[in-house]
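Engineer: Handing you a structure now.
The values are calculated or read from the model by the stated rules, or taken from the named source; none is laboratory data. This structure is a prediction, so every number in the text was calculated from the model and none was measured. Ideal geometry is used to build each Cβ from the backbone, glycine not excepted, and the neighbour counts take in all protein chains shown.
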Amino acid sequence: MAMAWGRDRQQPFYMAIGLLAVLVVAVGFNTTYIAPMARRAFEAPVVVHIHGLLAFSWIMLFLSQCFWVRAGNTKLHMRLGVVGLPLALGILVSGILVARWAMERDLPTLGDLALSSVVGTFTSLTLFCILVGAGLLLRKRSDWHKRLLLLATVVVWWPAWFRWRHLFPAVPRPDVVFGVLIADVPILVAAVRDRVRYGAVHPVWKYVGPVVFAEQLFEALVFNTGPWPKIGRWLYDATG
């Protein structure tokens, strides 16, 4: 089977995911960020803009890395790849700072809901960094490398998908429909692609993908229930 994965040198699928990510971010954040910014009606601390820039930079890095491999410029691909982990850590740190700011802003009106939101930010971005780190550690095994980084991209783009709820307000449980089911469709598509092209599903999709899906679904279903707000308060205090 190692020989089968060794034939996986084509990048159109991965580039398609990168292009889709750009579209998802542009549409998802248009209502809550891009359009208000254009109208000069959006007010937030600088860290919010920094986090948005870093997260979008990840999407563009993933897309450009696919392009350079397809173009045969692996040297540039490897040189640019060194910024992946620092960028991911920057997204984690800035994301936590944004979550703290949002919690402080919303706590007087939303109460426990604001506290619970901190948990999702911490768990998702930590998982994102773990996947990025694993992908970079396995950079010499290109089949694992590209799949882990694609999975990391799927993890980090769910907030953009979740904001599609503003375009489709009638959809029930948008946190599950947009934030989990639709956001994680590439995992299933990638697994089917492997099965069709190579006769088997790669271990990333077989074992890691389901863990990511289960974590996101669990988080959506138990959000703001039981000890969730208390965990949010603990994370807020621990990162202060």
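Engineer: May I ask you to list pairs of residues, at least six apart or on different chains, whose Cβ atoms are under 9 Å apart, with the first in region 34-55 being in contact (Cβ under 8 Å) with a residue 24 or more places away in the chain and surrounded by 11 or more Cβ atoms within 10 Å (Cβ to Cβ) and the second being aromatic (Phe, Trp, Tyr) and in a loop (DSSP other than H, G, I, E, B)?
Structural biologist: Going by the 9 Å Cβ cut-off, the qualifying pairs are Val48/Phe42; Ala55/Trp157.
Engineer: Still on this model: Looking only at region 177-216, count every residue that is more than 26 Å from Asn30 (Cβ to Cβ), part of a loop (DSSP other than H, G, I, E, B) and in contact with a helix residue (DSSP H, G or I) (Cβ under 6 Å, 6 or more places away or on another chain) and tell me the total. Don't jump to the end; show me each part of the working.
Structural biologist: From region 177-216, those more than 26 Å from Asn30 (Cβ to Cβ) are 188, 190-215; that's our starting set.
Imposing the further condition that a residue be part of a loop (DSSP other than H, G, I, E, B) reduces the set to 199-202.
Cutting the leftovers down to in contact with a helix residue (DSSP H, G or I) (Cβ under 6 Å, 6 or more places away or on another chain) gives us 201-202.
The qualifying residues number 2.
Engineer: Would you check if Leu150 is in contact (Cβ under 8 Å) with a residue 40 or more places away in the chain, closer than 28 Å to Tyr33 by Cβ and loosely packed, with under 14 Cβ neighbours inside 10 Å?
Structural biologist: Here the answer is no, as Leu150 does not meet what is asked.
Engineer: Applying the selection to region 66-87, what residues are closer than 20 Å to Leu53 by Cβ and of a type in the set (Val, Ile, Thr)?
Structural biologist: Here is the first cut: in region 66-87, the residues closer than 20 Å to Leu53 by Cβ are 80-87.
Val82, Val83 - these are the residues of region 66-87 that are closer than 20 Å to Leu53 by Cβ and of a type in the set (Val, Ile, Thr).
Engineer: Say whether the condition of being under 30 Å from Ile231 (Cα atoms), of a type outside the set (A, V, I, L, M) and touching a helix residue (DSSP H, G or I) at 6+ places or on another chain (Cβ under 8 Å) is met by at least one residue in region 68-82.
Structural biologist: no
Engineer: Is it true that Thr74 is under 18 Å from Leu63 (Cβ atoms), out of contact with any Gly (no Cβ under 7 Å at 6 or more places or on another chain), polar (S, T, N, Q) and crowded, with 20+ Cβ neighbours inside 10 Å?
Structural biologist: Details: under 18 Å from Leu63 (Cβ atoms): yes; out of contact with any Gly (no Cβ under 7 Å at 6 or more places or on another chain): yes; polar (S, T, N, Q): yes; crowded, with 20+ Cβ neighbours inside 10 Å: no.
Spelling it out, it is not the case that Thr74 is under 18 Å from Leu63 (Cβ atoms), out of contact with any Gly (no Cβ under 7 Å at 6 or more places or on another chain), polar (S, T, N, Q) and crowded, with 20+ Cβ neighbours inside 10 Å.
Engineer: As an exercise: evaluate Gly72 against (1) over 17 Å from the mean Cα position of the chain (by Cα); (2) of a type outside the set (S, T, N, Q); (3) not in a loop (DSSP other than H, G, I, E, B) and give the number of the one condition it does not meet.
Structural biologist: It fails just one condition, (3).
Engineer: Thr153: over 10 Å from the mean Cα position of the chain (by Cα) and part of a helix (DSSP H, G or I), yes or no? Spell out the reasoning first.
Structural biologist: Working: over 10 Å from the mean Cα position of the chain (by Cα): no; part of a helix (DSSP H, G or I): yes.
It is false that Thr153 is over 10 Å from the mean Cα position of the chain (by Cα) and part of a helix (DSSP H, G or I).
Engineer: Please specify each residue of region 52-91 satisfying the condition of being modelled with pLDDT under 90 and within 17 Å of Leu23 (Cβ to Cβ).
Structural biologist: If the condition is that a residue be modelled with pLDDT under 90 and within 17 Å of Leu23 (Cβ to Cβ), then Cys66, Phe67 are the ones that fit.
Engineer: Starting from region 106-120, keep only residues that are assigned to a helix (DSSP H, G or I) and surrounded by fewer than 15 Cβ atoms within 10 Å (Cβ to Cβ), then list their pairs with residues that are modelled with pLDDT under 90 and among the aliphatic types (A, V, I, L, M) whose Cβ atoms are within a distance under 6 Å, requiring at least 6 positions of separation or different chains.
Structural biologist: If the second residue must be modelled with pLDDT under 90 and among the aliphatic types (A, V, I, L, M), the pairs left are Asp106/Ala114.
Engineer: Check whether at least one residue in region 158-176 is closer than 22 Å to Leu125 by Cβ, in a helix (DSSP H, G or I) and in contact with a Pro (Cβ under 7 Å, 6 or more places away or on another chain), and report yes or no. Reasoning before the result, please.
Structural biologist: So the first thing to find is which residues in region 158-176 are closer than 22 Å to Leu125 by Cβ, and the list is 158-165, 174-176.
Cutting the leftovers down to in a helix (DSSP H, G or I) gives us 158-165, 174-176.
Subsequent filtering for residues that are in contact with a Pro (Cβ under 7 Å, 6 or more places away or on another chain) retains 162, 165.
Yes, region 158-176 contains a residue that is closer than 22 Å to Leu125 by Cβ, in a helix (DSSP H, G or I) and in contact with a Pro (Cβ under 7 Å, 6 or more places away or on another chain).
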